[in-house]
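Have a look at the structure below, then the notes.
The values are calculated or read from the model by the stated rules, or taken from the named source; none is laboratory data. All values reported here derive from a predicted model rather than from experimental measurement. Cβ coordinates were reconstructed from backbone atoms using ideal geometry, including for glycine residues, and neighbour counts include every protein chain displayed. For accessibility, only protein heavy atoms count, side chains too; no ligands or nucleic acids. Shrake-Rupley method; radii C 1.70, N 1.55, O 1.52, S 1.80 Å.
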Amino acid sequence: LGYPGHFGQMECIKLITSNDFSDKRIGYLGLMLLLTEKEEVLMLVTNSLKVDLNAQNPFVVGLALTTVGNLATTDIARDLMMDVDKHLSSGNPYLRKKAALCTIRVLKKNPEHVEDFVDKIVGILKDRHHGVLLSGIQLMTSIICFDQKAYAPLFVRVIPSLVRLLKNLISVGYSPDHDVSGMTNPFLQVKILKLLRLLGEFGGTDDATEAMNDILTQVASTTDTSKNVGNSILYECVNTIMAVQPEQGLQVLAVNVLGRFLLNRDNNIRYVALNTLGRVVEHEISVVQRHRNTIVDCLKDPDNSIRQRALELIYKLVNEENVSNLTVELLNYLVVAPSEYRPTLCSKVAEVIDKFGSNFYWKVETLLSMLGIAGDSNSNFSDDLTCAAVIYIGQCPEYQGYIVHYLFSALNSDISNPVLTQSGLVKIGVWCIGEYGDMLTKYWPNITTKDGKEIIERHPVALDEAVNLIGKVLTHHSSNSMTKSYCVTALAKLSGRDFL
């Protein structure tokens, strides 16, 4: 809280030298709260820690191990290393567990001694006490995280032991001491899967790899998803599968697990599934595509974070084959999207249209629909979208007559509002009337586009009506200078062609 605590430091040191256990406990607790490893006074504690690490009372030893694990500097860790080491093979599981966790700090401060501890650390996996196993696996995981490339190869040999241990946890019957919602020690299962993930990236023997694939398949196939305990194990299993890059069938199974997560009622699980799918979609896009409908349904979720994650995933799923269908879903979402997200959404949709759309009429129609839905909420991007629409219109001469009629109707509808709510659409409409005004005066019959879409007939419009419409836009009180410049340019074009 920022209050000075130096006055209590010496009192804590006095307490830990006491023979009374209650005093020691309060003293060590005070040290861990009031001191950091940067405090010089910490050096005065080294001797007391050494004495307590060799005490007969296991609880006193436990206090010393906990303090070393939280406060040890490089020098203290080096001085007490052997005292901590001997407790890794203690006959008391309480001390073995404490020593394993304390060793994390000791080796973090003195990484050059990691190889000296490897054999003893690997031996922890033979322990039958679940608390010791959990601490030992955490110790290995932490050492590998110090420097994965340097230390993971030292522990690759434990993969068969980890697989065997995980298989025993899955196949064992009801164990009241370790049961959590019908699962045997899910905490240990998750830790094993995480360690397998770190080790799997560096391979091993073919037998070890095959055994890892088998156990991952078993976990992914048999774990109950009706409870959060099972879902936590499955999530870690999926992460492990994606990290070790196993055979194709197992990767498909992992994506299917995430697909089941999307159907879960718990928003946390659905969010995690969308987040994980977003990371794997680049490598397994064809498999993720199978769950496209479920992902699209997430756009209708009332939780905004779920919708945003689904939106980001959909962008990554779009390709030439599904661009039409997914763009429709994105436009449907645009209708209900919060105003602050609309500019970004419009920009993304425009990017998708430009990258994957092959039909210029479809591009124009989609852009105009988007501008009509978004209104002025996309003002930051309206100029870019307007230019893109104009370019697409110029590239499809066979449909220009139909487009200018459509824009004339849309502009006529918007001009009746007290405020022009669709400035982007207004600019495009004014530009098209100026550029293709002669097409308004012609009849355009029903036709079918290359992709099978039917365009209804368009009846002629008197040019006077178009000119009057531009005049209304020009004099409308909500028209800005850019819109007025479009109007003046359009009238100049019509005048230059002797239409006026």
Exercise for review: With all protein chains present, calculate the accessible area of Met242 using a 1.4 Å probe and round the result to the nearest 10 Å².
Suggested key: 30 Å²
Review point. At each listed q (0.06, 0.09, 0.10, 0.12 Å⁻¹), what is the log10 of I(q)/I(0) that the Debye formula gives for the chain modelled as equal alpha-carbon point scatterers?
Key: -0.51, -0.79, -0.87, -1.05
Check your understanding: From the phi of every residue in segment 15-31, what ³J(HN,Hα) in whole Hz does the Karplus formula 6.51 cos²θ - 1.76 cosθ + 1.60 yield, where θ is phi - 60° and glycine or proline is x?
Key -> 5, 6, 8, 5, 7, 7, 5, 4, 5, 4, 4, 5, x, 5, 4, x, 4
Review point. Relative contact order for segment 382-483: what is it in percent, counting Cα pairs under 8 Å that are at least 6 residues apart?
Key: 27 percent
Practice item. Return the tail of the calculated pair distribution for segment 47-93, meaning the percent of Cα-Cα pairs more than 13 Å apart. Key: 52 percent
Point to revise | Magnitude of the charge dipole, segment 126-192, Cβ model with Lys/Arg +1 and Asp/Glu -1, debye to 20 | key: 280 debye
Practice item. Using the Cα centre as the reference, give the magnitude of the dipole from point charges on the C-beta atoms of segment 1-123 (Lys, Arg: +1; Asp, Glu: -1; all else neutral), rounded to the nearest 20 debye. Key: 360 debye
Point to revise | When each of Lys316/Lys453; Lys98/Lys167; Lys24/Lys108; Lys109/Lys194; Lys86/Lys149; Lys316/Lys442 is checked by Cα-Cα distance, pairs over 32 Å | key: Lys316/Lys442
Check your understanding: Considering the dipole of segment 242-330 built from charges on the beta carbon (Lys and Arg +1, Asp and Glu -1) around the Cα centre, which of Ile314, Asn304, Gln245 is farthest to its positive end?
Key -> Asn304
Check your understanding: Using r as the Cβ-Cβ distance of Arg78 and Asn19, and R0 as 25 Å, what FRET efficiency do you calculate, to the nearest 0.05?
Key -> 0.35
Check your understanding: Between the helical axis of 93-109 and the dominant principal axis of the chain, each derived from Cα atoms, what acute angle in degrees is found, rounded to the nearest 10?
Key -> 60 degrees
Check your understanding: Roughly how many whole Å is it from the C-alpha centroid of segment 256-305 to that of segment 49-126?
Key -> 43 Å
**Study point:** segment 88-235, relative contact order in percent, only Cα pairs under 8 angstrom and at least six apart counted
**Key:** 21 percent
Exercise for review: Set the Förster radius R0 to 51 Å, insert the Cβ-Cβ distance between Ser305 and Glu37 as r into 1/(1 + (r/R0)^6), and round the FRET efficiency to 0.05.
Suggested key: 0.85
Exercise for review: List the relative contact order of the chain as a percent without decimals, with contacts defined as Cα pairs under 8 Å and 6+ residues apart.
Suggested key: 6 percent
Check your understanding: Amide H neighbours of Arg458 under 5 Å, counting only residues 5+ apart in sequence or on other chains, H built in-plane at 1.01 Å?
Key -> Trp444
**Study point:** the chain: angle of helix 360-374 to the longest principal axis, Cα-based, in degrees nearest 10
**Key:** 70 degrees
**Study point:** Debye, to nearest 20: dipole size of the chain, +1 on Lys, Arg Cβ, -1 on Asp, Glu Cβ
**Key:** 820 debye
Exercise for review: Along Cα→Cβ, 7 Å out, is where each label goes; now give me the distance between the ones at Ser181 and Lys453 in nm to one decimal.
Suggested key: 4.7 nm
Review point. Taking +1 at the Cβ of each Lys and Arg and -1 at the Cβ of each Asp and Glu, which of Met183, Leu326, Val257 sits farthest along the dipole of the chain towards its positive end, judged by Cα position relative to the Cα centre?
Key: Met183
Point to revise | Top positive-direction residue, dipole computed over segment 134-264 with Cβ charges, set Gln138, Leu165, Leu216 | key: Gln138
